[in-house]
Structure formats: C-alpha cells, structure tokens
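First the structure, in the form of structure tokens, and then the observations on it.
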Amino acid sequence: MALVLTEEQSMLRDSARGLVADRAPIAHLRKLRDSRDDEGFSREVWKEFASMGFAGIIVPEDNGGSGLGHVEAGVVMEEIGRNLTPSPFLSTAILGATALKRAGGARAGDLLARLSAGDLLLALALDERPKHTPKHIETKATRSGNGFTLSGAKTFVVDGHVADLLIVTARTAGGDDDKDGVTLLLVDPKAKGVSIERTIMVDAHNAARITFENVAVDSDAVLGEIDAGAPLVETILDAGRACVASELLGLSEEAFERTVAYLKERKQFGKLIGEFQGLQHRASHLYCELEITRAAVLKALQMLDADADKARAYVAVAKARACSSADLAVREAVQMHGGNGMTDAIDIGLFMKRARVAQELFGDARFHANRIAKIRGY
Amino acid sequence: MTDLETFRRETRAWLEANCPAEMRTPPDDEEDRCWGGRNWKFKNEAQKQWLERMAARGWTVPDWPKEFGGGGLSKDETKILREEMRAMKCRSPLDSFGIWMLGPALLKYGNEAQKKEHLPKIARGEIRWCQGYSEPGAGSDLASLQTKAEDKGDHYLVNGQKIWTSYANYADWIFCLVRTDPKAKKHEGISFLLFDMASSGVETRPILLISGKSPFCETFFTDVKVPKENLVYTENKGWDVAKYLLTHERDMIGGMGLGGGRPLGQIAAQSVGVENGSLADPLLRADIAEFDVDAFAFALAMERAGDLMKSKQAHPAYSSFLKYYGTELNKRRHELVMSSLGSDGLEWESERSQEGDAPRAWLRTKANSIEGGTSEVQLNIISKRILELPGA
Ligand SMILES: Cc1cc2nc3c(=O)[nH]c(=O)nc-3n(C[C@H](O)[C@H](O)[C@H](O)COP(=O)(O)OP(=O)(O)OC[C@H]3O[C@@H](n4cnc5c(N)ncnc54)[C@H](O)[C@@H]3O)c2cc1C
Ligand SMILES: Cc1cc2nc3c(=O)[nH]c(=O)nc-3n(C[C@H](O)[C@H](O)[C@H](O)COP(=O)(O)OP(=O)(O)OC[C@H]3O[C@@H](n4cnc5c(N)ncnc54)[C@H](O)[C@@H]3O)c2cc1C
C-alpha cells in the first residue's frame, strides 16, 4: 500500500480538521483549564464527534460504528494534536473500542453501540508505576463466589474520573512481572471500594489515580480470556501507541509551523530572525525529523490495519520517533520564540506541556528503542 | 491475479533462473561493483553474464524507454523489480554515473540524436561517465565555476580545471559544466557539455583519500576541442540541466542511509558480550537501538518519498531532505560499526581485517555529506525552498 493518504482519507482529514479547529481549538482547552471545569472536557463536543462518526471510528458498522481503520483514527488524532484538544477520543474510541472489539463476548456488541453513539466513556486502568511498565501488575483479582475481588492501585488513567466503565488489568495468577496470569476486567467506577482521584496534569488534560479496595466484580466482567490477557493488553496498547504517535506528530507540526511563521515575523538586529543561518539550519533539520516521523507513523497505522500481529516493531518505531521528534519540535519552538515562548499568553508552551505528557503515555522513546533492541535480539 | 502480481511472479522466476550465485552476495566495496566502460575488466564470468542478461532485458535501467536501451517498465513494475532483487540479494548489474545522473538529465534535456547516441551505451555498460562539476574555487558555490568554453564555430575550445572528479582516470566520457558567457550573471553563463576523455588536451591526476584509496582526480583541460553537437539543451542554460541532474545524484547518495551490511547488534555482541540476552555494554546498546529506530524510519521515509513522487505530491526539493538525512545516518552507522568493533576495527593492514575494510569504509562515509552538495548546502536549500525562510 502506498505510504500516502488515499483520497477518502484526505477528505476525512479535511472534515476532522474543520470540526476540531472550529469546535475544540486551543482556546477551548484554555477555557476548560481556566474555569477549572469539573470534567476537563466538553460532552457537547464529544457528542458532535460521535455524530460525525468519530466516536465509533474503528467500530464495525454492524455495531453502529464507522467501520474505518487505524489510519483514519490516526488522521483524527493528528488534528486533536494540532489543537491540543482534551477529548475522550483516545481512551474511548481507540483503547476502549479496541479492547471490546478484540475481546468480543456477550456484552461487547451492546457496549460498542453505546460507545459509537457517544453515550459510553471508557478508561484503561493499566499503569501502576510512574514509568510505563505494562508487564508489572500488582493489582490482584482473586476468585470469590461467582466472580472476583479486586484490590490494587492504578495511576495515569487517562479520563479515569469521567469514564462510565474502567478497563482494569489485574493479576489472577502468577507473580508481579509474569506474562501469564493477567486478566482484563470491566469495572464500574461507582462500585463499592473504588476511589478515584482526578489528577489534573501539567498539560491541563485529564487523568486519575484509582484505587480498588476489595471491589466485588462479576465473572461476566472479564474481557477476553482469564489469565491469558497479556496479548490483548499488547494489542490495545499498540493501537494506543500508534494513535498517540499521530497526536504527537500533529502537535509537533503545528508547533513547527507556528515557529517558522514567527521566524518570518520577528525582527532583531534589523533583520527577520529567520534570516539567521543558525536558526535556519535548526528549523530545516527539524523539518527532516518530522518528515521521517510522518512516514513511520503512517506505516505503523497501515500495518495495524493490514496485519496487527506483525505491526509490533512498526509501532515501536513510530512511537519512539514521534516522541523524539516532538521533544525536539517543542523545545525549538519555545527557544526560537525567545521570551515570548515562556509566557502563558501565547500557545507555544502548551504544546511543550502536552508533548511531555504524550511522551510518557504508553512508553517514551527509550522504552520503544529498548523494544526494538529486544525484537532484534541484542 | 492482477497484472502486477503476474509481473512479480514472472520477475522472480526470471531472476531465480538468471542471476548467478556469485551475484547474490553483497559487493565488498565500490571497486567490487560492475562499473562498465571501454576498458572494463570483469571481475569474473558471473559479473559479465549478469550484466549481459540484465542489459538484454533493459533492466540495467528498468524505467527508461525501450528505444534507448531501457526496460520500459512502469514505476510500479520498477519498484517490484527492485523489491524482488533485494529479496534475492541480487547485486546491481551495473553501477554508473551514466545511469544515476546523466541518463535522467539526457532524457529530460537531451535532443533525439544525443539520446540515441548515449543512452543505449550507458544502459549496456559500454561507456563509463564522470562528472566534471567541482573546481578548486567552486565547490558548494558551484555556479562560480571558471572552466571556460569558447565558441569556435563548429566546436568549443575548453580550458580550465576540475577537481574531485570521481573515477576520471577510468572514465571514457565526461559531462562537464563550462562557462560560455563570462559577462553574464553567474548562473546564466553556464553550459552543459559532453566530451570524450580521450580527446587531446585532457589530463587526470589521481588524489589519495584518507581511506587510502584514490577514487578521484584533478582533471585538466588544455585547448580541448568539443564538437557543437555535444552541447546539451541550450547554450548558457546549462544550470537548469546541472540542477536537475543534482537532484538525481542526491537521491542516489541519500539512498546510502538504507545501509545494509551486518546488523550493529550482532557486531557489538561479538566484541562486548551478552548478559541476560542484552548487550553487556548498556550505553552502546542504547546508541545502537536509537540508530536502528532512525534507520528503520528512514527506510520508510524513502518508501514514502517514492510514493509521493508517484502521486506527484513530492516537493521538488525533497531530495535535499533525503540526501541530508540519509548521509548523516550512514555516517552515524559507520561510527557505531567502529565503536562496536573496538580494536578489531582499527586494523588497517592485517589478515583478519580484510585489509582494513571497516576503517576504510568508515572514512569513506565521511565524504557522503560532502559529495553531491554538503549537508549545510542541503539545509540551505530546505530553508529556502521548502520553509521559504527569508534571505536563505
Ligand atoms: C524568565 C525570564 C526573565 C527575564 N528577566 C528579565 C529582566 O529581569 N530584565 C530584562 O531586561 N530582561 C529580562 N528577560 C528578557 C531576556 O533577556 C530576553 O528574553 C532575551 O534577551 C531574548 O530576547 P527576546 O525574548 O526578545 O528574543 P529574540 O531576541 O526575539 O529571540 C528569538 C529567537 O531568535 C534568536 N536570535 C535572535 N537574534 C539572533 C541572531 N543574531 N542569530 C541567531 N539567532 C538569533 C534567539 O536566540 C531566539 O531563539 C527575561 C526573560 C525571561 C524568559
Ligand atoms: C568522495 C567525493 C567524490 C566527489 N566526486 C565528485 C565528482 O565526481 N564530480 C564533481 O564535480 N565533484 C565531486 N565531488 C566534489 C563535491 O561535490 C564537493 O566537494 C562539494 O560540493 C563541496 O565543495 P568543496 O569541497 O569545495 O567544499 P566548500 O564548498 O569549500 O565547503 C567547505 C565547508 O563550508 C560549508 N559551506 C559552504 N558554503 C556554505 C553555505 N552557504 N552555508 C553554510 N555552509 C557552507 C560546507 O558545507 C563545508 O562544510 C566529490 C567530493 C567527494 C568528497
């Protein structure tokens, strides 16, 4: 498949760009932040996403979704990145939908339909350590009666405080770092023993710390197979990683474009600062880094659509690249804006904040370079 | 089955039947490749056979028109041929500046007679070309070149000096930039000439490189007569041809970023050892992993560039990006090869080192970001043409 967007995908990008820039631009994030909004996102905007078919973008049409692929989801994520939009798109439309689609089961069809209509928000409760270590799971679900009793603590749960259902990774067998013995559970956040602390992050986006204290969970809450949930977790994560890579690419490009525009506008020493070769070469180098990342991200999304099981290395490369090039893009953006780049009044710093969070989400550049080393056997 | 699938199947079968086993191993170095030319001595029978068989199909230049010795393949078919050759590890049957640089320029700017005369000989490896661009005073600022060509009615009289002319001492013909109008602005007085290196008044002197090899020369022209019919395109419009040719040169050099060769992780495992399945030197491991990520992604960027070109979405200056990134990456790779080899990589003359292959190759890569326009010049081009920064 050619490494360019198809005509349909380009059209989708245009409509996503229109919707996001119109309804959820950076001013929207600022408003939510400055008013200390309880939910940190707009349900109204999410409903509009749903009516455009974005909530159920990767959900099959039979379940009320749009039946599209990861490339299309990535296209939407890129626009979210450009506009720093706080949106349940990642947690619900990507992570949640992937989990339900892949796991199947009696409840999946109905949940996917509600999700696609914009009536169901999900959150993935996975990380327990401050650095992404998906295989380390201390949270335990022990069998009791017809189901399980769940105890443990999760951190960095994106949209954890607004979700209608939590997807929780728990250990049903084995030691804390074993591959076997992992089970995914759908948990009602209002259940007894669940406590949720909203943590407003540096980027003013949503996350939560969640603890489970002897929470009773029914056996029909199991997503996928008992004790054998690890591959499903990897599948969910890889979809998430590729889409966060798209978001990082979108925000990098926007920060870069704004910076290049600033170089053409700001004067010092009687010249536009864009005339100084010291800045020109750094900007051009950054352009190259972003082009490389663009190819890697698109390929990873295409691989997820073509053959998800072969996509692992591609996704690792895409996320590693997206992290490192976004890191460079936002640092250069702030630096080249001089004193202005340090102010809250202009948006550049907001890109830096979001990039920081999105890098940590599901593994930073080092995490994914390490994966590549392992895949290649060294 | 689609036409392309049939093409792939047939191509695979043909390569399987026709590519000699000796031509399915990577060449040791530049000199182990097949460059062709009047005085070419084939390294072995397999090299000769492989060239003849591929040339007979037009597959030394698969996407050139058949009438000029090409294969007449579409872009998709060419891509498939390349993929199948790579999968079977087939060597390129013929490498030459004629194929990479002059051919594409002649296809666009040459007249019928020039195309008929020169392209088939390039395709069959009969004539080897060299590139007479750089001069002692005109490197990055190529357009300030001084070699002059005076109009003498039916011919030009060429006088001047070129430098860094790769393989000038082996080449049969040269494509050469000369000044035909000394009064015009520097870009507007240049012409693009072709001439035989056997012409009287042409002299070459090899220059030794830091790699200990001597692949390029100083080239001197004293009253060299060049027939008028050897002017490509229009007099004083040679800069257009020169620039177009450079984009092809850059694509070729940038392709070096695709590397090849033994995986770094394997080389390092032998010298630093392995603990619990990971390289015992964690910092070297981290550097290699970071390189592997970038190299993997660069290969995808090359793939994307091809697709952008095919769908006419590529920026005309895109080759500067590929050239810059690909060559810097290749240099990084060879630095890591050297770090991974440790003292084994330092042996310049010894049995085990195959006469210093690794350090010579490492040193050779340093030219990648100089030849074909330096990295800084590529960044200038991106600043000016893609980012449109002021004063660039
Ligand atoms: C937190 C903070 C505290 C400060 N406190 C004080 C204070 O107490 N008193 C005070 O007077 N000032 C203060 N400053 C201002 C500070 O000194 C200026 O921000 C600084 O000199 C840069 O100027 P600028 O912001 O106008 O950026 P610009 O000069 O507009 O620079 C923008 C970008 O262009 C680059 N650039 C500019 N010229 C060139 C060139 N010739 N070649 C290459 N690149 C170039 C810069 O490096 C920068 O990346 C403070 C700034 C900050 C951020
Ligand atoms: C192995 C090898 C093979 C070659 N083969 C050929 C050949 O076959 N035919 C041929 O014609 N030439 C050939 N060349 C020559 C090559 O094209 C030139 O070396 C190259 O264009 C640079 O010119 P220069 O060496 O004069 O360096 P200079 O132009 O003097 O550059 C010196 C340094 O200054 C920097 N610099 C120059 N201008 C700028 C600027 N505007 N902004 C920022 N930095 C700048 C350069 O990037 C470089 O780092 C070859 C070179 C090598 C190394």
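The values are calculated or read from the model by the stated rules, or taken from the named source; none is laboratory data. All figures in this text were calculated on a predicted structure; none of them were measured in a lab. All Cβ positions, glycine included, derive from the backbone under ideal geometry; neighbour counts span all protein chains shown. For accessibility, only protein heavy atoms count, side chains too; no ligands or nucleic acids. Shrake-Rupley method; radii C 1.70, N 1.55, O 1.52, S 1.80 Å.
Consider residue A:290 carefully, then state whether it is within 16 Å of ligand 2 (Cβ to nearest atom) and of a type in the set (A, V, I, L, M).
Numbers: within 16 Å of ligand 2 (Cβ to nearest atom): no; of a type in the set (A, V, I, L, M): yes.
No: the conditions fail for residue A:290.
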Task: Condition check for residue A:94: open to solvent by less than 10 Å² (accessible area, probe 1.4 Å) and in the same structural domain as residue A:20 (by TED's automatic domain parsing) - done: yes
Open item on the list: Here is a list: A:300, A:320, A:311, A:316. Which entry is among the small types (Gly, Ala, Ser), more than 10 Å from chain B (Cβ to nearest Cβ) and surrounded by 23 or more Cβ atoms within 10 Å (Cβ to Cβ)?
Closed with: A:311
Open item on the list: Among the residues that make up the stretch A:262-273, is at least one of them within 16 Å of ligand 1 (Cβ to nearest atom), in the same structural domain as residue A:293 (by TED's automatic domain parsing), open to solvent by 20 Å² or more (accessible area, probe 1.4 Å) and among the small types (Gly, Ala, Ser)?
Closed with: yes
Open item on the list: Can you find, within the stretch B:356-392, the residue that is most open to solvent (accessible area, probe 1.4 Å) among those that are more than 8 Å from ligand 2 (Cβ to nearest atom) and facing another protein chain (nearest Cβ under 7 Å)?
Closed with: B:391
Open item on the list: On the basis of being open to solvent by less than 30 Å² (accessible area, probe 1.4 Å) and either touching a Lys or Arg at 6+ places or on another chain (Cβ under 8 Å) or without any contact (Cβ under 8 Å) to a residue 40 or more places away in the chain (or both), does residue A:40 make the cut?
Closed with: yes
Open item on the list: Please go through (1) open to solvent by less than 10 Å² (accessible area, probe 1.4 Å); (2) under 14 Å from the mean Cα position of the chain (by Cα) for residue A:58 and return the number of the only condition it doesn't satisfy.
Closed with: (2)
Task: Odd one out for residue A:226, checked against (1) within 14 Å of another protein chain (Cβ to nearest Cβ); (2) part of a loop (DSSP other than H, G, I, E, B); (3) not hydroxyl-bearing (Ser, Thr, Tyr) - done: (1)
Open item on the list: Of the conditions (1) away from ligand 2 (no atom under 16 Å from the Cβ); (2) open to solvent by 10 Å² or more (accessible area, probe 1.4 Å); (3) over 13 Å from residue B:392 (Cβ atoms), residue A:285 satisfies every one except a single condition; which number is it?
Closed with: (1)
Open item on the list: Which residue is nearest to the chain's Cα centre (by Cα), if the candidates are limited to the stretch A:349-378 and must be open to solvent by 50 Å² or more (accessible area, probe 1.4 Å), of a type in the set (A, V, I, L, M, F, W, C) and closer than 21 Å to residue A:313 by Cβ?
Closed with: A:367
TODO: Taking only the stretch A:133-151 into account, find how many residues are open to solvent by 20 Å² or more (accessible area, probe 1.4 Å) and either touching a helix residue (DSSP H, G or I) at 6+ places or on another chain (Cβ under 7 Å) or not charged (D, E, K, R) (or both).
DONE: 8
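Kindly indicate which of A:342, A:336 is within 16 Å of ligand 1 (Cβ to nearest atom), within 12 Å of another protein chain (Cβ to nearest Cβ) and more than 30 Å from residue B:282 (Cα to Cα).
Answer to the selection: A:336.
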- [ ] Residue by residue through the stretch B:121-142, note down the ones that are near ligand 2 (Cβ under 8 Å from one of its atoms) and closer than 14 Å to residue B:37 by Cβ.
- [x] B:130
TODO: Could you list all residues from the stretch B:231-283 that are in contact with a Leu (Cβ under 9 Å, 6 or more places away or on another chain), within 14 Å of another protein chain (Cβ to nearest Cβ) and either open to solvent by less than 40 Å² (accessible area, probe 1.4 Å) or closer than 30 Å to residue B:191 by Cβ (or both)?
DONE: B:250, B:254, B:257, B:264, B:265, B:267, B:268, B:269, B:273
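Please work out if residue A:327 is more than 12 Å from every other protein chain (Cβ to nearest Cβ), out of contact with any strand residue (DSSP E or B) (no Cβ under 8 Å at 6 or more places or on another chain) and either under 24 Å from residue B:281 (Cα atoms) or modelled with pLDDT under 95 (or both). Break it down into steps so the answer makes sense when it comes.
On the way: more than 12 Å from every other protein chain (Cβ to nearest Cβ): yes; out of contact with any strand residue (DSSP E or B) (no Cβ under 8 Å at 6 or more places or on another chain): yes; either under 24 Å from residue B:281 (Cα atoms) or modelled with pLDDT under 95 (or both): no.
For residue A:327, the condition - more than 12 Å from every other protein chain (Cβ to nearest Cβ), out of contact with any strand residue (DSSP E or B) (no Cβ under 8 Å at 6 or more places or on another chain) and either under 24 Å from residue B:281 (Cα atoms) or modelled with pLDDT under 95 (or both) - is not met.
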- [ ] All but one of (1) more than 8 Å from every other protein chain (Cβ to nearest Cβ); (2) of a type outside the set (Val, Ile, Thr); (3) without any contact (Cβ under 8 Å) to a residue 24 or more places away in the chain; (4) part of a helix (DSSP H, G or I) hold for residue B:344, so report the exception by its number.
- [x] (3)
TODO: Just need a number here: residues in the stretch B:74-97 that are open to solvent by less than 20 Å² (accessible area, probe 1.4 Å) and under 18 Å from residue B:4 (Cα atoms).
DONE: 4
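Is it the case, given these coordinates, that residue B:120 is touching a Gly at 6+ places or on another chain (Cβ under 6 Å), modelled with pLDDT of 95 or more and in a helix (DSSP H, G or I)?
Yes.
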Open item on the list: Looking at B:100, B:164, can you tell me which residue is assigned to a helix (DSSP H, G or I), within 13 Å of ligand 2 (Cβ to nearest atom) and open to solvent by 50 Å² or more (accessible area, probe 1.4 Å)?
Closed with: B:100
- [ ] Taking the options A:51, A:35, A:87, A:91, name whichever one is in contact with a strand residue (DSSP E or B) (Cβ under 6 Å, 6 or more places away or on another chain), away from chain B (no Cβ under 14 Å) and modelled with pLDDT of 95 or more.
- [x] A:91
Task: Residue, surrounded by the most Cβ atoms within 10 Å (Cβ to Cβ), within the stretch A:167-217, restricted to residues that are part of a loop (DSSP other than H, G, I, E, B) and basic (Lys, Arg) - done: A:179
TODO: Could you identify the single residue in B:140, B:166, B:134 that is in contact with a Pro (Cβ under 9 Å, 6 or more places away or on another chain), closer than 19 Å to residue B:367 by Cα and among the small types (Gly, Ala, Ser)?
DONE: B:166
